[in-house]
Amino acid sequence: MAARKTTKKPNVSAEELTTFYREMLLIRRFEEKAGQLYGMGLIGGFCHLYIGQEAVVVGLEAAAEEGDKRITSYRDHGHMLACGMEPGGVMAELTGREGGLSKGKGGSMHMFSKEKNFYGGHGIVAAQVPLGAGLAFADKYKGNGRVTFAYFGDGAANQGQVYETFNMAALWDLPVVFVIENNQYAMGTSQARSTSTKDIYHRGEAFGIPGEIVNGMDVLAVKEAGEKAVAHCRAGKGPYILEIKTYRYRGHSMSDPAKYRTREEVQKVREQSDPIEHVRELLLSGKHASEDDLKAIDKEIKEIVNQAAEFSKESPEPSLDELWTDIYA
Ligand SMILES: Cc1ncc(C[n+]2csc(CCOP(=O)(O)OP(=O)(O)O)c2C)c(N)n1
Ligand SMILES: [Mg+2]
């Protein structure tokens, strides 16, 4: 686990730091609320929380431009919030209600937004990787200069289809950033038990795809690496791999007893590397914000999340007529 301390002085404005703080906090509070609603029986099925990994998606979104695309796994709520999808629509989808982004018919793992270029939300491990390359292929074909971020986990990185995709993406110089969110665990297996090497991005070398390791607990480091990767893709040089070392604080999903690691391990990361605490410290030590300013932001975010939760409870169940809409048959 990379420590959160940055050695160099951050080259970032107060405004941008505050935005990072706000965006990461929104994801954290949203996920905590989702956890509560799940505990109350208001969310059914699977629910994979993103707590601890917030700096990954917030940093990369800061490197993205209008029209760039993103696609990810089932651990997707943070990605949706970070690209600007409505918290109420996401939460109402979790509770399976009409106001949800998939009209309450998709749930936690299946949401999309054409407007925000968010292509899901995929429950099959690694399935989003070839789909992401397909999105990049379309953009290359159209010559529109867009880049796709294809996110996947350390566990997913052991799937064969990832390497078939690497081959084609490199062969055709596709503008895709492969983002390995290495949170050190798959469903119930640590990376050490399942993966032959400590670092995964090296596997790109076999296909001629460059890549690097990034400290995923430092949003500034993520943004910087993201900009480099995006510039590489936009210059027509083909794919790039970012292996972002991060950590998930909660279980794999809400039903995971997490017996494969100790509470102390989780506590240590929370205390020493928390990505939100990192930005909070930068804001305070740089005198960009006072404790009161941050309290006001906390209050504002809490209000947004409470409203999303209210909406997700009040929105009605989908009508039976909806059973036959949005299907191929
Ligand atoms: C093809 C396939 N195999 C197995 C599963 C069950 N499964 C769901 S998530 C997961 C682990 C994936 O771990 P990782 O890629 O590290 O992502 P993380 O959950 O850590 O974000 C597994 C094995 C699945 N959904 N799809
Ligand atoms: Mg993982």
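The values are calculated or read from the model by the stated rules, or taken from the named source; none is laboratory data. Note that the structure is predicted; figures quoted are calculated from it, not measured. Every residue, glycine as well, gets a Cβ built from its backbone with ideal geometry; the counts of neighbours run over all protein chains shown. Areas reflect the complete protein model, heavy atoms only, side chains present, ligands, DNA and RNA absent. Shrake-Rupley method; radii C 1.70, N 1.55, O 1.52, S 1.80 Å.
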Quick check on my filter: what residues within segment 144-163 are more than 24 Å from Ser190 (Cα to Cα) and within 16 Å of ligand 1 (Cβ to nearest atom)? Phe149
Take the residues in segment 196-209 that are more than 16 Å from Thr165 (Cβ to Cβ) and modelled with pLDDT of 95 or more; name whichever of them is farthest from the chain's Cα centre (by Cα). His202
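The rows are residues; the columns are (1) in a helix (DSSP H, G or I); (2) free of Cβ contacts under 8 Å to residues at least 40 places away in the same chain.
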{"site": "Val266", "(1), (2)": "yes, yes"}
{"site": "Gln272", "(1), (2)": "yes, no"}
{"site": "Ile276", "(1), (2)": "yes, no"}
{"site": "Leu283", "(1), (2)": "yes, no"}
{"site": "Ala289", "(1), (2)": "no, no"}
{"site": "Lys299", "(1), (2)": "yes, yes"}
Would you mind telling me which numbered condition in (1) within 15 Å of ligand 2 (Cβ to nearest atom); (2) under 20 Å from the mean Cα position of the chain (by Cα); (3) farther than 17 Å from Gln159 by Cβ Arg261 fails? (2)
Evaluate the following for Gly52: is it surrounded by 19 or more Cβ atoms within 10 Å (Cβ to Cβ), within 16 Å of ligand 2 (Cβ to nearest atom) and free of Cβ contacts under 8 Å to residues at least 60 places away in the same chain? no
Which of (1) on the phi < 0 side of the Ramachandran plot; (2) at pLDDT 95 or above; (3) within 13 Å of ligand 1 (Cβ to nearest atom) does Tyr141 not meet, given it meets every other one? (3)
Unmet requirement for Lys259, which otherwise passes all of (1) assigned to a loop (DSSP other than H, G, I, E, B); (2) within 21 Å of Val57 (Cα to Cα); (3) of a type outside the set (Gly, Ala, Ser): (2)
Given the conditions (1) part of a loop (DSSP other than H, G, I, E, B); (2) in contact with an Asp or Glu (Cβ under 9 Å, 6 or more places away or on another chain); (3) open to solvent by 20 Å² or more (accessible area, probe 1.4 Å); (4) more than 16 Å from ligand 2 (Cβ to nearest atom), every one holds for Gly100 apart from (3)
